[in-house]
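J.: The following block contains the structure, expressed as structure tokens.
The values are calculated or read from the model by the stated rules, or taken from the named source; none is laboratory data. Here the structure is a predicted model, which means the values were calculated and not measured. Note: ideal-geometry Cβ built from the backbone for every residue, glycine included; neighbour counts use all protein chains shown.
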Amino acid sequence: MQDFSAIDKPRVWLHPPICSLNEGSGYYAAITTDKFCAGLLNMQRAMFSGYARTKSLRSSSISVGTDLVYMKIVGRGAVLTIMSVAHSLNHSIFLVLPPLLLLIVAETGISLGTLGFVASLGYLSYGVGALFGGYLSDKWGEVRVISAYLLFSGLSGVVMMFWGDLLGFAISFLLMSAWASLYHPAANSFLSKAFPGKMAASMGLHGVGGSVGQVFAPVLAAFAGIRYGWRYPFLALAILSLVSAALMSRVRVETSSTGSEYSSKTGLSELLRIPDLRKVFLFSISTGLFFRGIELFFPTYLATVKGFSIETAAIAASLILVVGILGQYAGGRGTDKFGARRMIIGSAFGVSASLVLLQYLPFSLSGVGLFIGMYGVGIFASQPAGSALAGLVTPKDKRGFVYGILFFLTFGLGSLSAWLATIVVNQSGLYAAFQTMFLLSLTSIAAAFLLPKVRSEDANSEILTKIGSTGVE
């Protein structure tokens, strides 16, 4: 065993033979994925406070394709904070629109149905673009893709301030949606590789961080829209996105490849032949059938059917996100403890039950309150569970692409939910639209029972988990 007592800075020796690694101003440590000396693992755990990733190292002194684990000293909390802000801004593009719908109608004369159609196109581009976001994150790196989304989505939002008619609104909103679509595949791929031993927990915390900012989006949008005009909430999002892009571009983190021989040869056709992955795709489709329709028309439903004011309806929409913070955290922790399938089944039942209470409970206020609690926990708890499950059944170097497919199925095909809800609203009203969303939510329960029972990652994740544990077997 090597004597590490003389090492005076974060540089780790490979055994055998000796190999030191240093990159720029940050130090890296490397170990083989085979069972290695406990002293080295414990030393790594004590010396490094960064995140883990895998990469293939090719060297004349090491067998080609050897998998190594890298730990870099970085401000992990700072990186997750920036990503949480990016996550908040990403969803806020769509969260500020619902409470502003009636204001846009009043100022521009655009019909509610037309706005719903534009929103549906935005949701569609949000989902379709995720396919490119996944591919680009695998090819160029997750950090570059996230930075590009923030920059160009922010620039697109500025357009709305100076071109506020129907055409300007449509072009600006669609461009913001398209650029925003790049984020989730890159972010989920980043997290799945950086924290494979606690994948769901890290995704849950990322969701919590993002939800904290999202909570305030509908309320602030409503109050700012009433006071200053409906364009200003979008301008605020644009400015914050540009600032975040400048911060994200300074992050020097790459987690792109693993050197897995199996993964590198896995194409789309092979991915689609993985039975467990197909089941995850099916559940994503079932969720997309109702999720966007509810999100788009919930504040308007409360204002017109339940008699709430615009401000109160916006607060109710924000409260779903407040409860969603608990849902994200519970979903991440619960998935690591009980398994993704159990968490998703329970979440699906809770979502369907909440829609029944919203529409049929005699007392409107109590029905809305129960809906907010059950729907908020249910819909958000299923997100880290589903993302972790997808990561567990997917080759590592294809995760960005797979997360892009998942996002497309949920939010791209899910745009059909907003389109369908718009049609029902125009023909039969908001009450009938929410009845339709409830019937569609039942499909997610059936799809949840088909999901595989997967609880752990491959051998590489076990090594990564040991690095962060108090001892090594």
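J.: Which one of these is assigned to a helix (DSSP H, G or I) and touching a Phe, Trp or Tyr at 6+ places or on another chain (Cβ under 7 Å): LEU151, LEU131?
T.: On the way: LEU151 fails: touching a Phe, Trp or Tyr at 6+ places or on another chain (Cβ under 7 Å).
Answer to the check: LEU131.
J.: So for the range 375-396 (the condition being within 19 Å of MET437 (Cα to Cα) and modelled with pLDDT under 85), does at least one residue qualify?
T.: no
J.: While we're on this one: Take the range 76-103 and flag every residue that is surrounded by 21 or more Cβ atoms within 10 Å (Cβ to Cβ), part of a helix (DSSP H, G or I) and more than 18 Å from the chain's Cα centre (by Cα).
T.: PRO98, PRO99, LEU100, LEU101, listed by residue number.
J.: Of the conditions (1) crowded, with 23+ Cβ neighbours inside 10 Å; (2) closer than 21 Å to ALA246 by Cβ; (3) aliphatic (A, V, I, L, M), ALA200 clears all except one; give me its number.
T.: (2) is the only condition that ALA200 fails.
J.: I'd like the full set of residues that are surrounded by 24 or more Cβ atoms within 10 Å (Cβ to Cβ), among the hydrophobic types (A, V, I, L, M, F, W, C) and more than 14 Å from ALA313 (Cα to Cα), limited to the range 216-236.
T.: Scanning the range 216-236 gives TRP230, PHE234.
J.: Quick check on my filter: what residues within the range 391-411 are within 20 Å of HIS91 (Cβ to Cβ) and surrounded by 24 or more Cβ atoms within 10 Å (Cβ to Cβ)? Full working, then the answer.
T.: Restricting attention to the range 391-411, the residues satisfying the condition of being within 20 Å of HIS91 (Cβ to Cβ) are 400, 403-411.
Across the range 391-411, the qualifying residues are GLY400, TYR403, GLY404, ILE405, LEU406, PHE407, PHE408, THR410, PHE411.
J.: Sticking with this structure for a sec: For the range 373-385, indicate whether the set of residues that are without any contact (Cβ under 8 Å) to a residue 12 or more places away in the chain, assigned to a helix (DSSP H, G or I) and in the same structural domain as PHE190 (by TED's automatic domain parsing) is non-empty.
T.: Of the residues in the range 373-385, the ones without any contact (Cβ under 8 Å) to a residue 12 or more places away in the chain are none.
No.
J.: Hey, among THR394, THR410, which residue is assigned by TED's automatic domain parsing to the domain that holds ALA316 and part of a loop (DSSP other than H, G, I, E, B)?
T.: THR394
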